[in-house]
Amino acid sequence: MKEFDRLVEIIGKLRDPEKGCPWDIKQTHESLIPNFIEELYESIEAIENKNYEHLAEELGDILLHIIMQTQIAKENNRFELEDILKKINDKLIRRHPHVFGNGECDNADKVKMNWERIKFEEKKHSRFSAIDGIPRTMPALIIAQRMQEKAASVGFDWPNVLPAIEKLKEETHEFEEAFTNNNTEEMQNELGDILFSIVNISRKLGFDTESALKRTIKKFETRFRKIEEHFRKNGKNMFESSLEKLDEIWDIAKKNE
């Protein structure tokens, strides 16, 4: 692709030791990590906001980081762009035997399970558990969902969502017992179990738990700002209001959505 080749050429010039950009020349694999993460989150935000023009821009920024990382690796004789492309192409073919081979998968869930099984087989000499390979720097909800998905790939999973719902009820009851007994440590443990159970229900229903929680956060933020707006318009102090009044305005904001 003409523009892709142009980008590679531009990055090469920016990294030129004699004629390049001082900032770009200074960068290392490690120094680029914060910006790399920021660009990824900005892309996610664009997707969630359905702002596709912004998404195109942010994906370009991610691609910039990929080429920059590749250029740094090339300069240090670690790997080149061709190595990256070969690895991902070979991986996609290996993990889609139902497309490129004689395998069969008639739905998305089976495809995902098959992917995890093939992946585990490929990495069996470096990973000793089916749930290895999950970056612990990710948000806890994402870690929980990925761990459950990996466990499901070896058959450790309920056949449908109903047992998962019953498990949530069980964990909620155990939390109530810990609360009644004022057992702080057990309360925290049971809250963790409740969250893990909710992630499992979300996963069984085909939802992304992190995205679902973000939707609720956004909804809460919108309604809360409506409450603040109400007090500003009426020249009153929100901090002096009663909970009942705040709830009343909350309900109005909810109905007007």
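Of the residues N160, G192, W115, the one whose Cα sits farthest toward the positive end of the charge dipole of the chain, with +1 on the Cβ of Lys and Arg and -1 on the Cβ of Asp and Glu, is W115.
Put a plus charge on the Cβ of each Lys and Arg, a minus charge on the Cβ of each Asp and Glu, and nothing anywhere else: the dipole of segment 2-88 about its Cα centre is then about 400 debye. Taking the number of Cβ atoms within 10 Å of each Cβ as an exposure proxy, the fewest-first ranking of R94, R225 is R225, R94. Per-residue Karplus couplings for segment 191-199, computed as 6.51 cos²θ - 1.76 cosθ + 1.60 with θ equal to phi - 60°, are listed in order as 4, x, 5, 5, 4, 5, 5, 5, 4 Hz, Gly and Pro entered as x. Within the straight-line cut-off of under 22 Å between alpha carbons, the lysines reachable from K233 are K219, K245, K254, K255, sequence neighbours fewer than 8 places apart in one chain being disregarded. Among I217, I72, the order by Cβ neighbours within 10 angstrom, fewest to most, reads I217, I72. Taking a straight line from the alpha carbon of K13, these lysines sit under 25 Å away, with near neighbours fewer than eight places off in the same chain left out: K2, K26, K74, K86. Between R127 and F224, the distance separating the two model label sites (each 7 Å from Cα on the Cα→Cβ line) works out to 3.7 nm. Averaging the sequence gap over all C-alpha pairs within less than 8 Å and six or more residues apart, then dividing by the number of residues, gives the chain a relative contact order of 10 percent. As a rough footprinting exposure proxy, the listed residues R215, R203 were ranked by other beta carbons within 10 Å of their own, and the order from fewest upward is R215, R203. Residue by residue, segment 17-31 carries 3J(HN,Hα) couplings of x, 9, 10, x, 8, x, 5, 5, 4, 6, 5, 10, 3, 6, 5 Hz when phi is fed to the Karplus relation 6.51 cos²θ - 1.76 cosθ + 1.60 (θ = phi - 60°); x denotes Gly or Pro.
Only one of (1) 66, 53, 37; (2) 43, 42, 33; (3) 48, 43, 43 was calculated from the structure for Cα extents along the principal axes in Å, and its label is (1). Charge dipole (Cα centre; +1 on Lys/Arg Cβ, -1 on Asp/Glu Cβ; no other charges) of the chain amounts to roughly 600 debye. Each residue of segment 217-227 was assigned a 3J(HN,Hα) from its phi angle through the Karplus expression (A = 6.51, B = -1.76, C = 1.60, θ = phi - 60°), giving 4, 5, 5, 4, 4, 4, 5, 5, 5, 5, 4 Hz with x at Gly and Pro. Sparsely packed loop sites in segment 21-57 (the GluC sites (Glu not before Pro) outside DSSP H, G, I, E and B with at most 14 other Cβ atoms within 10 Å) comprise E30.
Every number in this text was worked out from the coordinates using simple rules, so none of it is lab data. In this text the structure is predicted, and so the values were computed from the model without any measurement. Neighbour counts run over all protein chains shown; Cβ positions are idealised from the backbone, glycine included.
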